[in-house]
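Questions regarding the structure given below will be posed in turn.
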Amino acid sequence: MTVQSTTDFDYKPATAGLMLFLRYVNNKPAEGTGIQQLASQGHNLLGSELPLEFLKYQVGYQINLIGSYPTDTDIVPSAIFVAAFAVLMFLHLGIFIVNCSRHHFFWVSLGWVFYCILRCLGFGLRIPFGKDVTRVPTGIASEVLLILPSIVLVSFNLILAQRIFTWRHPVGGSRKLFWSFMITLYVLVLGIIGMTIACAAIPYIHFLSEGVYDSYLKVVQASSVLILAYSLTAISLIGLAYFFKPTRKDENLYTYQPWWIESFRPTYFVKKGAVYDAEETFMKRNHNHRHAIRVIAATHHHYNMVEGLTNQRGDLSHNYSLGLIAITTLFIFVGSLCRLIVCFQNRYTRDQSPLCKPVAMYILWGLMEVIINVLYIVGRVDLRFYRPDILPAKVRAIITAQQSIEQSDASSEFERYSSEEEITDSESSEGFDLTPGARKEGFVKDAKELESDDDEDFHF
(Lines give C-alpha, C1' and ligand atoms only; values in the text may rest on other atoms or scores of the structure.)
Protein backbone atom coordinates (compact mmCIF):
# COMPACT_ATOMS: atom_id res chain seq x y z
CA MET A 1 0.00 0.00 0.00
CA THR A 2 1.26 3.47 -0.88
CA VAL A 3 2.07 5.88 1.93
CA GLN A 4 0.76 9.22 0.73
CA SER A 5 3.27 12.04 0.51
CA THR A 6 3.15 13.73 3.88
CA THR A 7 5.33 14.78 6.78
CA ASP A 8 2.48 14.10 9.19
CA PHE A 9 3.29 10.96 11.17
CA ASP A 10 0.62 11.52 13.82
CA TYR A 11 -1.47 8.50 14.73
CA LYS A 12 -4.52 7.70 16.79
CA PRO A 13 -4.38 6.20 20.31
CA ALA A 14 -5.86 2.95 19.00
CA THR A 15 -2.94 2.60 16.60
CA ALA A 16 -0.45 3.15 19.41
CA GLY A 17 -2.23 0.51 21.47
CA LEU A 18 -2.06 -2.07 18.66
CA MET A 19 1.64 -1.37 18.09
CA LEU A 20 2.36 -1.67 21.79
CA PHE A 21 0.53 -5.00 21.82
CA LEU A 22 2.68 -6.28 18.94
CA ARG A 23 5.84 -5.14 20.73
CA TYR A 24 4.95 -7.04 23.90
CA VAL A 25 4.09 -10.12 21.86
CA ASN A 26 7.61 -9.96 20.41
CA ASN A 27 9.37 -9.52 23.78
CA LYS A 28 9.33 -5.71 23.55
CA PRO A 29 12.16 -5.05 21.03
CA ALA A 30 13.63 -1.65 20.24
CA GLU A 31 11.29 0.69 18.41
CA GLY A 32 11.98 0.60 14.68
CA THR A 33 13.39 -2.94 14.50
CA GLY A 34 11.88 -6.04 12.91
CA ILE A 35 9.69 -4.16 10.44
CA GLN A 36 9.62 -7.15 8.11
CA GLN A 37 8.15 -9.38 10.81
CA LEU A 38 5.76 -6.65 11.93
CA ALA A 39 4.47 -6.28 8.37
CA SER A 40 3.83 -10.02 8.23
CA GLN A 41 2.03 -9.97 11.59
CA GLY A 42 0.01 -6.94 10.51
CA HIS A 43 -1.15 -8.74 7.38
CA ASN A 44 -2.21 -11.71 9.51
CA LEU A 45 -4.18 -9.46 11.87
CA LEU A 46 -5.64 -6.88 9.48
CA GLY A 47 -5.66 -8.46 6.05
CA SER A 48 -3.68 -8.07 2.84
CA GLU A 49 -3.96 -4.26 2.79
CA LEU A 50 -2.74 -2.54 5.92
CA PRO A 51 -4.40 0.65 7.16
CA LEU A 52 -2.60 3.93 6.53
CA GLU A 53 -2.43 4.53 10.29
CA PHE A 54 -0.39 1.37 10.75
CA LEU A 55 2.03 2.34 7.99
CA LYS A 56 2.48 5.92 9.19
CA TYR A 57 3.31 4.70 12.69
CA GLN A 58 5.87 2.14 11.55
CA VAL A 59 7.53 4.40 8.97
CA GLY A 60 7.65 7.23 11.49
CA TYR A 61 9.70 5.09 13.90
CA GLN A 62 12.23 3.84 11.35
CA ILE A 63 15.76 5.21 11.42
CA ASN A 64 16.24 8.30 9.26
CA LEU A 65 17.91 7.91 5.85
CA ILE A 66 19.06 10.16 3.02
CA GLY A 67 16.04 10.32 0.74
CA SER A 68 13.83 8.98 3.52
CA TYR A 69 11.34 6.20 2.72
CA PRO A 70 9.68 6.56 -0.70
CA THR A 71 6.09 7.61 -1.23
CA ASP A 72 3.89 8.08 -4.27
CA THR A 73 5.76 11.28 -5.20
CA ASP A 74 9.06 9.38 -5.60
CA ILE A 75 7.91 7.28 -8.55
CA VAL A 76 8.48 9.87 -11.30
CA PRO A 77 11.92 11.20 -10.22
CA SER A 78 13.15 7.65 -9.64
CA ALA A 79 12.06 6.67 -13.15
CA ILE A 80 13.85 9.72 -14.59
CA PHE A 81 17.15 8.74 -13.00
CA VAL A 82 16.71 5.12 -14.08
CA ALA A 83 16.49 6.39 -17.66
CA ALA A 84 19.43 8.78 -17.18
CA PHE A 85 21.79 6.12 -15.84
CA ALA A 86 20.62 3.65 -18.49
CA VAL A 87 21.68 6.13 -21.18
CA LEU A 88 25.04 6.63 -19.46
CA MET A 89 25.49 2.87 -19.23
CA PHE A 90 25.00 2.46 -22.98
CA LEU A 91 27.41 5.34 -23.67
CA HIS A 92 30.13 3.74 -21.52
CA LEU A 93 29.46 0.37 -23.12
CA GLY A 94 29.49 1.85 -26.63
CA ILE A 95 32.84 3.56 -26.06
CA PHE A 96 34.27 0.32 -24.68
CA ILE A 97 33.06 -1.70 -27.69
CA VAL A 98 34.47 0.80 -30.20
CA ASN A 99 37.79 0.86 -28.32
CA CYS A 100 37.94 -2.93 -28.29
CA SER A 101 37.35 -3.02 -32.04
CA ARG A 102 40.49 -0.88 -32.34
CA HIS A 103 42.44 -3.03 -29.83
CA HIS A 104 42.35 -0.26 -27.21
CA PHE A 105 41.41 -1.99 -23.96
CA PHE A 106 40.42 0.29 -21.09
CA TRP A 107 38.81 -2.10 -18.62
CA VAL A 108 37.69 0.59 -16.18
CA SER A 109 34.92 1.40 -18.68
CA LEU A 110 33.32 -1.94 -17.80
CA GLY A 111 33.48 -0.88 -14.16
CA TRP A 112 31.45 2.23 -14.98
CA VAL A 113 28.95 0.07 -16.86
CA PHE A 114 28.58 -2.03 -13.70
CA TYR A 115 28.22 1.14 -11.63
CA CYS A 116 25.40 2.44 -13.88
CA ILE A 117 23.61 -0.90 -13.61
CA LEU A 118 23.72 -0.62 -9.81
CA ARG A 119 22.32 2.91 -9.99
CA CYS A 120 19.50 1.79 -12.31
CA LEU A 121 18.61 -1.03 -9.93
CA GLY A 122 18.77 1.24 -6.87
CA PHE A 123 16.42 3.86 -8.31
CA GLY A 124 14.33 1.23 -10.08
CA LEU A 125 13.60 -0.72 -6.89
CA ARG A 126 12.58 2.52 -5.23
CA ILE A 127 9.54 2.64 -7.52
CA PRO A 128 7.80 -0.56 -6.29
CA PHE A 129 8.94 0.21 -2.74
CA GLY A 130 7.24 3.61 -3.00
CA LYS A 131 4.04 1.91 -4.13
CA ASP A 132 4.06 -0.50 -1.18
CA VAL A 133 6.30 0.19 1.81
CA THR A 134 5.52 -3.25 3.24
CA ARG A 135 7.88 -4.72 0.63
CA VAL A 136 10.73 -4.69 3.08
CA PRO A 137 13.18 -6.89 1.07
CA THR A 138 12.69 -4.57 -1.91
CA GLY A 139 13.35 -1.55 0.29
CA ILE A 140 16.51 -3.06 1.76
CA ALA A 141 17.83 -3.91 -1.71
CA SER A 142 17.05 -0.39 -2.93
CA GLU A 143 18.86 1.24 0.00
CA VAL A 144 21.93 -0.97 -0.39
CA LEU A 145 22.08 -0.37 -4.15
CA LEU A 146 21.87 3.38 -3.58
CA ILE A 147 24.76 3.41 -1.08
CA LEU A 148 27.06 0.93 -2.86
CA PRO A 149 27.58 2.72 -6.24
CA SER A 150 29.21 5.76 -4.63
CA ILE A 151 31.82 3.50 -3.02
CA VAL A 152 32.39 1.77 -6.37
CA LEU A 153 32.87 5.16 -8.02
CA VAL A 154 35.51 6.10 -5.44
CA SER A 155 37.39 2.87 -6.18
CA PHE A 156 37.59 3.63 -9.89
CA ASN A 157 38.71 7.18 -9.15
CA LEU A 158 41.45 5.70 -6.99
CA ILE A 159 42.59 3.52 -9.90
CA LEU A 160 42.91 6.64 -12.07
CA ALA A 161 44.83 8.46 -9.33
CA GLN A 162 47.11 5.46 -8.96
CA ARG A 163 48.04 5.74 -12.63
CA ILE A 164 48.97 9.39 -12.19
CA PHE A 165 51.10 8.45 -9.19
CA THR A 166 52.88 5.73 -11.18
CA TRP A 167 53.49 8.14 -14.06
CA ARG A 168 55.16 10.66 -11.73
CA HIS A 169 56.92 8.05 -9.56
CA PRO A 170 57.43 5.01 -11.81
CA VAL A 171 59.89 3.40 -9.41
CA GLY A 172 57.68 3.66 -6.33
CA GLY A 173 54.45 3.12 -8.23
CA SER A 174 55.66 -0.17 -9.66
CA ARG A 175 57.04 -1.64 -6.43
CA LYS A 176 55.36 -4.67 -4.89
CA LEU A 177 55.05 -2.80 -1.60
CA PHE A 178 52.94 -0.07 -3.20
CA TRP A 179 50.77 -2.56 -5.08
CA SER A 180 50.33 -4.65 -1.94
CA PHE A 181 49.17 -1.57 -0.05
CA MET A 182 46.64 -0.66 -2.76
CA ILE A 183 45.26 -4.20 -3.00
CA THR A 184 45.00 -4.37 0.79
CA LEU A 185 43.05 -1.10 0.73
CA TYR A 186 40.59 -2.49 -1.82
CA VAL A 187 40.12 -5.64 0.27
CA LEU A 188 39.46 -3.56 3.40
CA VAL A 189 36.86 -1.57 1.49
CA LEU A 190 35.11 -4.80 0.54
CA GLY A 191 34.99 -5.62 4.24
CA ILE A 192 33.55 -2.18 5.04
CA ILE A 193 30.89 -2.65 2.36
CA GLY A 194 29.90 -6.02 3.79
CA MET A 195 29.79 -4.59 7.31
CA THR A 196 27.64 -1.66 6.17
CA ILE A 197 25.16 -3.87 4.33
CA ALA A 198 24.80 -6.31 7.22
CA CYS A 199 24.41 -3.68 9.93
CA ALA A 200 21.97 -1.62 7.86
CA ALA A 201 19.77 -4.58 6.84
CA ILE A 202 19.58 -6.72 9.99
CA PRO A 203 17.55 -4.22 12.10
CA TYR A 204 14.83 -4.26 9.42
CA ILE A 205 14.67 -8.06 9.37
CA HIS A 206 15.01 -9.08 13.03
CA PHE A 207 13.75 -7.77 16.35
CA LEU A 208 16.64 -6.35 18.39
CA SER A 209 16.97 -5.20 21.96
CA GLU A 210 17.77 -1.57 22.71
CA GLY A 211 21.43 -2.33 23.45
CA VAL A 212 21.99 -4.47 20.36
CA TYR A 213 20.19 -1.98 18.12
CA ASP A 214 22.37 0.82 19.48
CA SER A 215 25.48 -1.25 18.70
CA TYR A 216 24.33 -1.76 15.11
CA LEU A 217 23.75 1.97 14.70
CA LYS A 218 27.25 2.72 15.99
CA VAL A 219 28.76 0.29 13.49
CA VAL A 220 26.87 2.04 10.68
CA GLN A 221 28.20 5.37 11.95
CA ALA A 222 31.75 4.01 12.00
CA SER A 223 31.40 2.68 8.46
CA SER A 224 30.13 6.07 7.28
CA VAL A 225 33.29 7.68 8.70
CA LEU A 226 35.49 5.13 6.91
CA ILE A 227 33.60 5.62 3.65
CA LEU A 228 34.06 9.39 3.97
CA ALA A 229 37.80 8.92 4.47
CA TYR A 230 37.93 6.49 1.55
CA SER A 231 36.30 9.07 -0.73
CA LEU A 232 39.38 11.29 -0.25
CA THR A 233 41.97 8.63 -1.10
CA ALA A 234 42.15 9.51 -4.80
CA ILE A 235 42.88 13.20 -4.29
CA SER A 236 45.23 12.32 -1.41
CA LEU A 237 47.25 10.01 -3.65
CA ILE A 238 47.59 12.75 -6.25
CA GLY A 239 48.65 15.14 -3.49
CA LEU A 240 51.38 12.72 -2.42
CA ALA A 241 52.51 12.36 -6.02
CA TYR A 242 53.16 16.11 -6.23
CA PHE A 243 54.23 16.71 -2.63
CA PHE A 244 57.16 14.34 -3.07
CA LYS A 245 59.32 15.23 -6.05
CA PRO A 246 60.47 12.42 -8.36
CA THR A 247 63.78 10.92 -7.30
CA ARG A 248 66.82 10.54 -9.53
CA LYS A 249 65.84 6.91 -10.08
CA ASP A 250 62.39 8.03 -11.23
CA GLU A 251 63.91 10.54 -13.64
CA ASN A 252 66.37 8.06 -15.12
CA LEU A 253 63.93 5.18 -15.46
CA TYR A 254 62.45 4.65 -18.90
CA THR A 255 58.67 4.42 -19.22
CA TYR A 256 56.45 3.09 -21.98
CA GLN A 257 53.79 5.66 -22.88
CA PRO A 258 50.97 5.34 -25.47
CA TRP A 259 52.40 7.74 -28.04
CA TRP A 260 49.85 6.68 -30.68
CA ILE A 261 47.02 8.53 -28.88
CA GLU A 262 46.82 11.73 -30.91
CA SER A 263 43.94 13.57 -29.25
CA PHE A 264 41.57 13.60 -26.28
CA ARG A 265 38.60 14.94 -28.26
CA PRO A 266 35.20 13.40 -27.39
CA THR A 267 34.86 12.00 -30.93
CA TYR A 268 38.42 10.69 -31.29
CA PHE A 269 39.32 7.01 -31.32
CA VAL A 270 42.76 5.50 -31.82
CA LYS A 271 43.70 4.10 -35.20
CA LYS A 272 42.92 0.45 -35.67
CA GLY A 273 45.99 -1.69 -35.03
CA ALA A 274 48.09 1.20 -33.71
CA VAL A 275 48.76 -0.74 -30.51
CA TYR A 276 50.11 -3.74 -32.41
CA ASP A 277 52.35 -1.54 -34.56
CA ALA A 278 53.81 -0.02 -31.39
CA GLU A 279 54.39 -3.44 -29.85
CA GLU A 280 56.26 -4.64 -32.92
CA THR A 281 58.80 -1.82 -32.58
CA PHE A 282 60.01 -3.37 -29.33
CA MET A 283 61.37 -6.35 -31.26
CA LYS A 284 64.20 -4.07 -32.39
CA ARG A 285 64.98 -2.70 -28.94
CA ASN A 286 67.16 -3.82 -26.09
CA HIS A 287 65.85 -6.66 -23.97
CA ASN A 288 65.56 -4.54 -20.81
CA HIS A 289 63.51 -1.93 -22.71
CA ARG A 290 60.74 -4.48 -23.11
CA HIS A 291 60.19 -4.38 -19.36
CA ALA A 292 59.83 -0.59 -19.10
CA ILE A 293 57.15 0.69 -16.70
CA ARG A 294 53.84 1.22 -18.49
CA VAL A 295 52.33 4.64 -17.73
CA ILE A 296 49.71 7.06 -19.04
CA ALA A 297 50.46 9.66 -21.71
CA ALA A 298 52.50 12.56 -20.34
CA THR A 299 50.33 15.48 -21.46
CA HIS A 300 47.29 16.34 -23.53
CA HIS A 301 49.77 18.05 -25.89
CA HIS A 302 52.56 16.14 -27.58
CA TYR A 303 55.39 18.63 -27.84
CA ASN A 304 56.99 17.31 -24.64
CA MET A 305 56.46 13.69 -25.49
CA VAL A 306 58.95 11.31 -27.04
CA GLU A 307 57.42 8.42 -28.90
CA GLY A 308 57.47 5.11 -27.14
CA LEU A 309 60.25 4.61 -24.65
CA THR A 310 61.22 7.74 -22.76
CA ASN A 311 62.46 9.05 -19.45
CA GLN A 312 60.75 12.42 -20.07
CA ARG A 313 57.75 12.92 -17.76
CA GLY A 314 56.25 15.84 -19.67
CA ASP A 315 54.17 18.42 -17.79
CA LEU A 316 50.89 17.30 -16.21
CA SER A 317 50.27 20.57 -14.37
CA HIS A 318 47.92 21.76 -17.12
CA ASN A 319 46.30 18.43 -17.79
CA TYR A 320 42.53 18.33 -17.44
CA SER A 321 42.87 14.86 -15.92
CA LEU A 322 43.72 16.35 -12.52
CA GLY A 323 40.67 18.59 -12.71
CA LEU A 324 38.44 15.64 -13.55
CA ILE A 325 39.57 13.69 -10.52
CA ALA A 326 39.32 16.75 -8.27
CA ILE A 327 35.76 17.60 -9.34
CA THR A 328 34.48 14.04 -9.19
CA THR A 329 36.13 13.48 -5.81
CA LEU A 330 34.50 16.66 -4.47
CA PHE A 331 31.03 15.56 -5.61
CA ILE A 332 31.44 12.09 -4.09
CA PHE A 333 32.84 13.59 -0.88
CA VAL A 334 29.81 15.86 -0.47
CA GLY A 335 27.46 12.89 -0.81
CA SER A 336 29.46 10.84 1.70
CA LEU A 337 29.59 13.77 4.13
CA CYS A 338 25.82 14.27 4.02
CA ARG A 339 25.25 10.56 4.67
CA LEU A 340 27.64 10.72 7.63
CA ILE A 341 25.72 13.67 9.09
CA VAL A 342 22.43 11.80 8.73
CA CYS A 343 23.90 8.70 10.40
CA PHE A 344 25.14 10.70 13.38
CA GLN A 345 21.84 12.56 13.74
CA ASN A 346 20.39 9.17 14.73
CA ARG A 347 16.77 10.27 14.59
CA TYR A 348 13.48 8.61 13.80
CA THR A 349 11.93 9.44 10.45
CA ARG A 350 9.20 11.47 12.17
CA ASP A 351 11.94 13.80 13.50
CA GLN A 352 14.20 13.80 10.44
CA SER A 353 16.11 16.88 9.25
CA PRO A 354 15.76 18.53 5.82
CA LEU A 355 18.90 16.65 4.74
CA CYS A 356 16.80 13.46 4.73
CA LYS A 357 14.28 14.82 2.24
CA PRO A 358 14.05 12.93 -1.07
CA VAL A 359 15.21 15.97 -3.04
CA ALA A 360 18.57 15.89 -1.24
CA MET A 361 19.12 12.28 -2.28
CA TYR A 362 18.16 12.99 -5.90
CA ILE A 363 20.73 15.80 -6.00
CA LEU A 364 23.57 13.95 -4.23
CA TRP A 365 23.21 10.46 -5.72
CA GLY A 366 21.34 11.41 -8.87
CA LEU A 367 22.18 14.75 -10.45
CA MET A 368 25.76 15.09 -9.18
CA GLU A 369 26.70 11.57 -10.24
CA VAL A 370 25.14 12.10 -13.66
CA ILE A 371 27.45 15.12 -14.01
CA ILE A 372 30.40 12.96 -12.94
CA ASN A 373 29.67 10.42 -15.67
CA VAL A 374 29.21 13.13 -18.29
CA LEU A 375 32.65 14.49 -17.34
CA TYR A 376 34.12 11.00 -17.70
CA ILE A 377 32.60 10.58 -21.16
CA VAL A 378 33.23 14.06 -22.57
CA GLY A 379 36.69 14.25 -21.00
CA ARG A 380 37.57 10.88 -22.56
CA VAL A 381 39.02 9.34 -19.46
CA ASP A 382 39.52 6.15 -21.48
CA LEU A 383 42.25 8.02 -23.40
CA ARG A 384 43.71 10.24 -20.68
CA PHE A 385 44.25 7.39 -18.24
CA TYR A 386 44.99 4.61 -20.68
CA ARG A 387 48.04 2.55 -19.77
CA PRO A 388 49.56 0.41 -22.55
CA ASP A 389 48.89 -3.30 -22.32
CA ILE A 390 51.71 -5.60 -21.33
CA LEU A 391 53.80 -6.58 -24.36
CA PRO A 392 52.98 -9.95 -25.97
CA ALA A 393 54.95 -12.96 -24.77
CA LYS A 394 56.64 -13.37 -28.16
CA VAL A 395 58.06 -9.84 -27.87
CA ARG A 396 59.10 -10.12 -24.23
CA ALA A 397 60.79 -13.46 -24.86
CA ILE A 398 63.24 -12.12 -27.44
CA ILE A 399 66.77 -11.77 -26.06
CA THR A 400 68.92 -9.15 -27.75
CA ALA A 401 72.28 -7.64 -26.92
CA GLN A 402 72.35 -4.99 -24.25
CA GLN A 403 73.82 -1.58 -24.91
CA SER A 404 76.86 -0.66 -22.87
CA ILE A 405 78.64 2.59 -22.26
CA GLU A 406 81.90 0.72 -21.50
CA GLN A 407 84.74 1.04 -23.98
CA SER A 408 85.19 -2.01 -26.18
CA ASP A 409 88.22 -4.28 -25.66
CA ALA A 410 89.05 -3.75 -29.31
CA SER A 411 90.46 -0.33 -28.46
CA SER A 412 93.28 -1.99 -26.52
CA GLU A 413 94.61 -3.37 -29.79
CA PHE A 414 95.59 0.16 -30.68
CA GLU A 415 97.79 0.80 -27.68
CA ARG A 416 100.88 -0.15 -29.66
CA TYR A 417 99.99 2.44 -32.28
CA SER A 418 99.88 5.35 -29.84
CA SER A 419 103.27 6.67 -30.93
CA GLU A 420 102.68 6.24 -34.67
CA GLU A 421 101.05 8.66 -37.06
CA GLU A 422 99.37 6.14 -39.38
CA ILE A 423 98.01 2.61 -39.44
CA THR A 424 99.23 0.51 -42.33
CA ASP A 425 97.04 -1.40 -44.75
CA SER A 426 98.22 -4.73 -43.30
CA GLU A 427 97.12 -3.66 -39.84
CA SER A 428 93.73 -2.49 -41.04
CA SER A 429 93.16 -5.86 -42.68
CA GLU A 430 93.11 -7.47 -39.20
CA GLY A 431 89.56 -6.31 -38.72
CA PHE A 432 89.65 -2.52 -38.34
CA ASP A 433 88.32 -0.61 -41.29
CA LEU A 434 90.32 2.59 -40.82
CA THR A 435 91.40 5.16 -43.35
CA PRO A 436 95.00 6.34 -43.41
CA GLY A 437 95.75 9.19 -41.06
CA ALA A 438 93.39 8.00 -38.30
CA ARG A 439 94.74 8.25 -34.74
CA LYS A 440 93.80 6.17 -31.73
CA GLU A 441 91.77 8.96 -30.16
CA GLY A 442 90.00 9.56 -33.45
CA PHE A 443 88.83 5.95 -33.51
CA VAL A 444 87.44 6.13 -29.98
CA LYS A 445 85.64 9.38 -30.72
CA ASP A 446 84.05 7.91 -33.84
CA ALA A 447 83.00 4.84 -31.86
CA LYS A 448 81.28 7.00 -29.23
CA GLU A 449 79.45 8.92 -31.94
CA LEU A 450 78.20 5.66 -33.43
CA GLU A 451 77.10 4.53 -29.99
CA SER A 452 75.23 7.82 -29.50
CA ASP A 453 73.46 7.32 -32.84
CA ASP A 454 72.38 3.85 -31.74
CA ASP A 455 70.95 5.30 -28.54
CA GLU A 456 68.83 7.71 -30.53
CA ASP A 457 67.43 4.81 -32.53
CA PHE A 458 66.37 3.10 -29.35
CA HIS A 459 64.89 6.25 -27.76
CA PHE A 460 62.65 7.23 -30.67
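Give Ile80, Ile35, Ile66 a once-over and let me know the one that is under 15 Å from Arg126 (Cβ atoms) and not assigned by TED's automatic domain parsing to the domain that holds Leu146.
On the way: Ile80 fails: not assigned by TED's automatic domain parsing to the domain that holds Leu146; Ile35 fails: under 15 Å from Arg126 (Cβ atoms).
Criteria check complete, one pass: Ile66.
Also, quick follow-up: Only one of (1) in contact with a helix residue (DSSP H, G or I) (Cβ under 6 Å, 6 or more places away or on another chain); (2) at pLDDT 90 or above; (3) among the aliphatic types (A, V, I, L, M) is not met by Val171, so which one is it?
Among (1) in contact with a helix residue (DSSP H, G or I) (Cβ under 6 Å, 6 or more places away or on another chain); (2) at pLDDT 90 or above; (3) among the aliphatic types (A, V, I, L, M), the lone unmet condition for Val171 is (2).
In contact with a Ser or Thr (Cβ under 9 Å, 6 or more places away or on another chain) and within 23 Å of Leu383 (Cα to Cα): does that describe His206?
Values: in contact with a Ser or Thr (Cβ under 9 Å, 6 or more places away or on another chain): yes; within 23 Å of Leu383 (Cα to Cα): no.
For His206, the condition - in contact with a Ser or Thr (Cβ under 9 Å, 6 or more places away or on another chain) and within 23 Å of Leu383 (Cα to Cα) - is not met.
Let me ask another. Tell me the residue from Lys271, Lys249, Lys245 that is at pLDDT below 85, outside any helix (DSSP H, G or I) and surrounded by fewer than 19 Cβ atoms within 10 Å (Cβ to Cβ), please. Quick ask: steps written out before the conclusion?
On the way: Lys271 fails: at pLDDT below 85; Lys249 fails: outside any helix (DSSP H, G or I).
Sole residue among the options that is at pLDDT below 85, outside any helix (DSSP H, G or I) and surrounded by fewer than 19 Cβ atoms within 10 Å (Cβ to Cβ): Lys245.
So, one more: With the requirement that a residue be surrounded by 16 or more Cβ atoms within 10 Å (Cβ to Cβ) and either under 20 Å from Leu148 (Cα atoms) or of a type in the set (Lys, Arg) (or both), what does segment 205-218 give you?
Scanning segment 205-218 gives Tyr216, Leu217.
Here's something else I'd like to know. Would you check which residues across segment 346-386 are surrounded by fewer than 20 Cβ atoms within 10 Å (Cβ to Cβ), aromatic (Phe, Trp, Tyr) and in a helix (DSSP H, G or I) and list them?
Tyr362
From the list Ile66, Ile95, Ile80, which residue is in contact with a Phe, Trp or Tyr (Cβ under 9 Å, 6 or more places away or on another chain) and either closer than 24 Å to Tyr386 by Cβ or small (Gly, Ala, Ser) (or both)? Please lay out each step first, then the result.
On the way: Ile66 fails: either closer than 24 Å to Tyr386 by Cβ or small (Gly, Ala, Ser) (or both); Ile80 fails: either closer than 24 Å to Tyr386 by Cβ or small (Gly, Ala, Ser) (or both).
So the residue among Ile66, Ile95, Ile80 that is in contact with a Phe, Trp or Tyr (Cβ under 9 Å, 6 or more places away or on another chain) and either closer than 24 Å to Tyr386 by Cβ or small (Gly, Ala, Ser) (or both) is Ile95.
Would you check if there is a residue in segment 378-395 being more than 38 Å from the chain's Cα centre (by Cα), at pLDDT 50 or above and small (Gly, Ala, Ser)?
Quick first cut of segment 378-395, residues more than 38 Å from the chain's Cα centre (by Cα) only: none.
Looking for residues that are more than 38 Å from the chain's Cα centre (by Cα), at pLDDT 50 or above and small (Gly, Ala, Ser), one finds none in segment 378-395, hence no.
Also, I was wondering about something else. Any residue at all in segment 71-84 that's aliphatic (A, V, I, L, M) and under 21 Å from Pro266 (Cα atoms)? Spell out the reasoning first.
First pass over segment 71-84, keeping only residues aliphatic (A, V, I, L, M): 75-76, 79-80, 82-84.
Within this subset, residues satisfying the condition of being under 21 Å from Pro266 (Cα atoms) are 84.
Yes, segment 71-84 contains at least one residue that is aliphatic (A, V, I, L, M) and under 21 Å from Pro266 (Cα atoms).
May I pose another question? Any idea which residue in segment 39-67 is farthest from the chain's Cα centre (by Cα), counting only those that are buried (at least 19 other Cβ atoms within 10 Å of the Cβ) and polar (S, T, N, Q)?
Only one residue tops the list, namely Gln58.
Considering each residue of segment 85-130, count those that are touching a Ser or Thr at 6+ places or on another chain (Cβ under 7 Å) and aliphatic (A, V, I, L, M), and give that number.
Total satisfying the criteria: 3.
Every residue in segment 32-88 that is under 20 Å from Tyr213 (Cα atoms) and outside any loop (DSSP other than H, G, I, E, B), please.
Once the filter is applied, which keeps residues that are under 20 Å from Tyr213 (Cα atoms) and outside any loop (DSSP other than H, G, I, E, B), segment 32-88 yields Ile35, Gln36, Gln37, Leu38, Ala39, Tyr57, Gln58, Val59, Gly60, Ile63.
Examine segment 150-168 for a residue that is touching a Gly at 6+ places or on another chain (Cβ under 7 Å), under 16 Å from Leu65 (Cβ atoms) and not acidic (Asp, Glu), and state whether such a residue exists.
Within segment 150-168 (the criterion being touching a Gly at 6+ places or on another chain (Cβ under 7 Å), under 16 Å from Leu65 (Cβ atoms) and not acidic (Asp, Glu)), the answer is yes, since at least one residue qualifies.
Let me ask another. Does Leu91 satisfy the criteria of being free of Cβ contacts under 8 Å to residues at least 40 places away in the same chain, out of contact with any Cys (no Cβ under 7 Å at 6 or more places or on another chain) and of a type in the set (A, V, I, L, M)? Working first, answer last.
Working: free of Cβ contacts under 8 Å to residues at least 40 places away in the same chain: no; out of contact with any Cys (no Cβ under 7 Å at 6 or more places or on another chain): yes; of a type in the set (A, V, I, L, M): yes.
Criteria not met by Leu91.
State yes or no: is Arg339 out of contact with any strand residue (DSSP E or B) (no Cβ under 8 Å at 6 or more places or on another chain), in a helix (DSSP H, G or I) and modelled with pLDDT under 90?
On the way: out of contact with any strand residue (DSSP E or B) (no Cβ under 8 Å at 6 or more places or on another chain): yes; in a helix (DSSP H, G or I): yes; modelled with pLDDT under 90: no.
Taking the combined requirement at face value, the residue does not satisfy it.
One line per residue, one yes/no per condition, for (1) outside the structural domain of Arg126 (by TED's automatic domain parsing); (2) more than 16 Å from Gly122 (Cβ to Cβ); (3) of a type in the set (S, T, N, Q):
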residue: Leu324; (1), (2), (3): no, yes, no
residue: Arg339; (1), (2), (3): no, no, no
residue: Gln352; (1), (2), (3): no, yes, yes
residue: Ile363; (1), (2), (3): no, no, no
residue: Leu367; (1), (2), (3): no, no, no
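The values are calculated or read from the model by the stated rules, or taken from the named source; none is laboratory data. In this text the structure is predicted, and so the values were computed from the model without any measurement. Because the Cβ atoms are built from the backbone with ideal geometry, glycine has one as well, and the counts that use them run over all protein chains shown.
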